[in-house]
2 protein chains.
Amino acid sequence: MRFETSGRNGYARTGKLTLAHGIVETPAFMPVGTNGAVKMCGHECVKDAGAQIVLSNAFHLYLKPGLDVLREFGGIHNFASWDIPILTDSGGFQIFSLSKNMRVDDEGVDFKSPFDGAVHRFTPEKVMEIQEAIGSDIAMVLDECLAPGNDLESTKKSVKRTTQWANRALESHKRKDQNLFGIIQGGFFEDLRRKSAIEITSMPFDGFGIGGLSVGEDIDTTIKMLDAVLPLMPEDKPKYLMGVGDPVLMLEAIERGVDMMDCVLPTRMGRHGGIFTSMGRINIRASVYEKDPSGLDPECDCKVCQTYSRGYIHHLIKRGESTGMIFATYHNIYFLTNLMKQSRDAIMKGEFDEFKKFVIGKINDKKR
Amino acid sequence: MRFETSGRNGYARTGKLTLAHGIVETPAFMPVGTNGAVKMCGHECVKDAGAQIVLSNAFHLYLKPGLDVLREFGGIHNFASWDIPILTDSGGFQIFSLSKNMRVDDEGVDFKSPFDGAVHRFTPEKVMEIQEAIGSDIAMVLDECLAPGNDLESTKKSVKRTTQWANRALESHKRKDQNLFGIIQGGFFEDLRRKSAIEITSMPFDGFGIGGLSVGEDIDTTIKMLDAVLPLMPEDKPKYLMGVGDPVLMLEAIERGVDMMDCVLPTRMGRHGGIFTSMGRINIRASVYEKDPSGLDPECDCKVCQTYSRGYIHHLIKRGESTGMIFATYHNIYFLTNLMKQSRDAIMKGEFDEFKKFVIGKINDKKR
């Protein structure tokens, strides 16, 4: 991996990440393709909507189709015939949020498969083995994701465990053509966030994720945690804020130096009629859009907004027509990748602060 | 409308249908976009998969979005931003098959909306008004579709009524830029089919549909009914077999002079993993395809078959991933439009008989 930063505007920066399957311009948004495909958006659609990298999930791919099938096909890129940079999340978040009867100790974590209830064990080493079989361009270490609301003591223990696991992941990771990112945790305690950042970034990872945020806390808390860790992170490596796809928070993160983000928001929202617009989110199912001839976002230049009316997509999504969901998903992904592109342009021009204020101003105008 | 036949091979023929929104080469397959969109296939996808005309439904569009919205947008082409020839079925079939508490008399038919139970009345005149508001390139008359298994007496009455309704439709139809097709009924009685064909084709329609077939009867019965009516239909107008999308029956129909067909089969099957192949239908969910590296149909040159493996699409559809359904739908539509293209080529070369035998032979080989 090569990561070169170019423009810089305050802490905000543009860069270029060169991976085995392509180049990613940063700041970058990664649409989520949990099971090896983005919902309601084929591979051409993903590329066409401006995404240069997608996120898939080691936890899900390990369960289905399973390592056996992935190895048979020689990894996710061949299996999915998908020639695009792919980052895999380790599945830590999924185990801790989706699994019932999950049991964690210093060695690893036991969890039950949501498919058949069979017990599986993930260790930092096992998760490396899985991601090496998947062959993603970027692998993430197994981290312990506490539920929000944990106290100082348990969060402290979890930070310690996450550091130990990060060390073990590094030691067991073998594939030289795959990049490995560490993950900073620490709940909502600034001191623990700083401790985790110092420990994790002292290890020779290729980049660093910030995990456990945007899990229900308010935006001021998220920003406080970002302000605690980002200044401690090395400048020569990508900074990846995990699970964030809200435009306002994305701009706040970019301003503070974040390079990469991912989120299910654009795709999940799109399937239910939630639409990003430059005037804030709307739900296209609302009856006010029944006869609206304008595009989903009148200021958007994506091909869906240039072609279809709100009235038509309102009709389709109200009728449960999947093609309406396809249109909404495309626009939502485009909206975020375009926001990243506009951010990169603004950073290059040294105008990121004005750009951010302008975009957030319009969104907040609508809310009033 | 201009309809010019070109090649001819026995009764099979190729032709060109010139409509307000484009040219349709016949024999043609029309994918179904009931609510003004083809499920799991955006407009680009439909065109790319080779369709030159789609079918939408007056019954569904009348209920939602309703004539009010359609008139506001100036018809379906503007509403759906869809610059493709569109044929609308009258909704007769839907009223008789979907509606509870439907009540028919010589004047028209009362039915309850599946949305809110409100009673609506369709008459031949009302259905013309609806389709004129929709602005489809081809409108279909309201016909009475009996359920299979009706006796001679009730079928006789229904043929009489269908003829009377056809007359009324013709008289009330005003839009000169819209073509109107009559529909031949007659259940599974050859005499009644012939009677209906003679009566309907004596009226100055722009083309003729054959309705009430492929509703559960065996293929020999369908063919017997086709053999009863097709020789009575005028050669200078399109012959449209309604609701047929089975490759074998399509070839039998083309051999007998059919020019147009439509069916939900490729799209509905695709969403559940049913795949057309040159060796017959398969269900991609079957575990035998888990590690299969070949395309859905190894002999198909569509972009899905050229790009993705059975193993990958097996995984996606088993996981309920919509993108797998998008891939399967695309292939299935392509398979039928390509079968039409190959049929046209074979007719032009005077080799339709051999082509048909070859295709059906391969499908039947697999069944053994």
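Remarks
- Filter result for B:Leu339 (out of contact with any Gly (no Cβ under 7 Å at 6 or more places or on another chain), more than 14 Å from every other protein chain (Cβ to nearest Cβ) and not charged (D, E, K, R)): yes
- When we screen A:Ile184, A:Ile198 for residues that are surrounded by fewer than 23 Cβ atoms within 10 Å (Cβ to Cβ), of a type in the set (Val, Ile, Thr) and either within 25 Å of A:Ile254 (Cβ to Cβ) or at pLDDT below 95 (or both), the only hit is A:Ile198.
- Helices (runs of 4 or more DSSP H) contained entirely in region B:257-363, each with at least 2 residues that are among the aliphatic types (A, V, I, L, M) and farther than 30 Å from A:Leu61 by Cβ: B:322-348
- The set of residues in region A:136-166 that are in a loop (DSSP other than H, G, I, E, B) and either crowded, with 19+ Cβ neighbours inside 10 Å or of a type in the set (Val, Ile, Thr) (or both) comprises A:Ser136, A:Asp137, A:Val141, A:Leu142, A:Asp143, A:Glu144, A:Cys145, A:Leu146.
- Only residues that are over 13 Å from the mean Cα position of the chain (by Cα), hydrophobic (A, V, I, L, M, F, W, C) and more than 8 Å from chain A (Cβ to nearest Cβ) were counted in region B:29-59, giving 5.
- All positions within region A:285-309 that are within 11 Å of chain B (Cβ to nearest Cβ) and among the charged types (D, E, K, R): A:Glu290, A:Lys291, A:Asp292, A:Lys303
- Screening A:Gly270, A:Gly245 for residues that are assigned by TED's automatic domain parsing to the domain that holds A:Val215 and buried (at least 22 other Cβ atoms within 10 Å of the Cβ) leaves exactly one candidate, A:Gly245.
- The residue list A:Met348, A:Met325 contains one member that is surrounded by fewer than 24 Cβ atoms within 10 Å (Cβ to Cβ), at pLDDT 95 or above and under 21 Å from A:Asp262 (Cβ atoms), which is A:Met325.
Here's the yes/no breakdown for (1) acidic (Asp, Glu); (2) farther than 28 Å from A:Glu125 by Cα:
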position: A:Arg168; (1), (2): no, no
position: A:Gln185; (1), (2): no, no
position: A:Glu190; (1), (2): yes, yes
position: A:Gly207; (1), (2): no, no
position: A:Glu217; (1), (2): yes, yes
position: A:Thr221; (1), (2): no, yes
position: A:Pro238; (1), (2): no, no
position: A:Pro247; (1), (2): no, yes
position: A:Arg256; (1), (2): no, yes
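- Residue check: B:Cys41 meets all listed conditions (1) touching a residue at least 24 places away in the same chain (Cβ under 8 Å); (2) over 13 Å from A:Glu321 (Cα atoms) but one, namely (2).
- Scanning region B:76-99 for residues that are under 25 Å from B:Cys45 (Cα atoms), away from chain A (no Cβ under 12 Å) and either surrounded by fewer than 17 Cβ atoms within 10 Å (Cβ to Cβ) or hydroxyl-bearing (Ser, Thr, Tyr) (or both) turns up just one, B:Thr88.
The values are calculated or read from the model by the stated rules, or taken from the named source; none is laboratory data. Keep in mind the model is a prediction, meaning the values are calculated, not measured. No Cβ is skipped: glycine too gets one built from the backbone with ideal geometry, and neighbour counts run over all protein chains shown.
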